[in-house]
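The values are calculated or read from the model by the stated rules, or taken from the named source; none is laboratory data. The structure displayed is predicted, hence computed values, not measured ones. Accessible surface is based on the protein model in full, side chains and every heavy atom, while ligands, DNA and RNA are left aside. Shrake-Rupley method; radii C 1.70, N 1.55, O 1.52, S 1.80 Å.
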Amino acid sequence: MKLSDAELEIMEKVWELGAPVTAAQLTERMAEKGWKPSTLLTFLARMVNKGALAVEKRGKQNVYRALVSADAYRAGAARELLGRYYSGSVKSMVAALYDGKGLSDGELAELRAWLEEEGKGRE
């Protein structure tokens with residue numbers, strides 16, 4: 001499943017809230033976007049169709065809940081990025097970040113430490 005940038009912003013709010021949410025709650029949380037309620041409802045309907053959200057009628061309101069966790073979505077997006085731009089090579093992706101000065105010394109040290117820790121669990 002691939003979400004547009006706007007849909008991902010909405011999912012971030014759904015994940016942040018953690019519990020099922022109403023369109024009104026999301027409208028309030030997304031107020032800085034300046035979207036009309038109908039715009040948000042259009043995005044929510046698309047996200048339901050994509051399988052990102054489930055919707056349930058409670059009284060007069062629709063209540064939405066995430067069908068995919070933030071971690072699962074991000075992992076899938078990372079795999080897609082890796083496959084699309086780096087032929088599945090993690091080394092090529094990290095090299096591109098490093099060579100392009102996309103990684104600071106601190107981030108590189110953090111990555112090394114993480115890889116060492118992960119490697120211990122596989123021995």
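Laid out as a table, the results:
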| item | result |
| --- | --- |
| Cα-derived Rg to Rh of the chain, Kirkwood definition | 1.10 |
| Per-residue SASA entry for E32, accessible area with 1.4 Å probe, Å² rounded to 10 | 130 Å² |
| Whole-percent carbon and sulfur share, accessible surface of the chain, 1.4 Å | 52 percent |
| Heavy-atom accessible area ranking, 1.4 Å probe, most first, across V94, V55 | V55, V94 |
| Phi-based couplings in Hz for the stretch 38-46 (Karplus 6.51, -1.76, 1.60; Gly and Pro marked x) | 5, 5, 4, 4, 5, 4, 4, 4, 4 |
| Solvent-accessible heavy-atom area per residue, rounded to whole Å², over the chain at 1.4 Å | 70 Å² |
| GNM result for the chain, Cα springs below 10 Å: residue of S87, S69, S104 fluctuating most strongly | S104 |
| Pairs from K33/K57; K2/K57; K13/K101; K13/K50 whose Cα-Cα separation, in the structure shown, is over 21 Å | K33/K57; K2/K57; K13/K101 |
| Alpha-carbon centroids, the stretch 51-82 and the stretch 7-34: separation in whole Å | 12 Å |
| Probe 1.4 Å - accessible area at M11, Å² to nearest ten | 0 Å² |
| Average Cα contact separation per residue, the stretch 1-72, under 8 Å, 6 or more apart, as relative contact order % | 37 percent |
| Cα gyration tensor shape for the stretch 1-68, rounded if a/c is under 1.5, else prolate or oblate | rounded |
| Value at 222 nm in deg cm²/dmol, rounded to 500, when DSSP H runs of n ≥ 4 in the chain each add -39,500 (n - 2.57) | -20000 deg cm²/dmol |
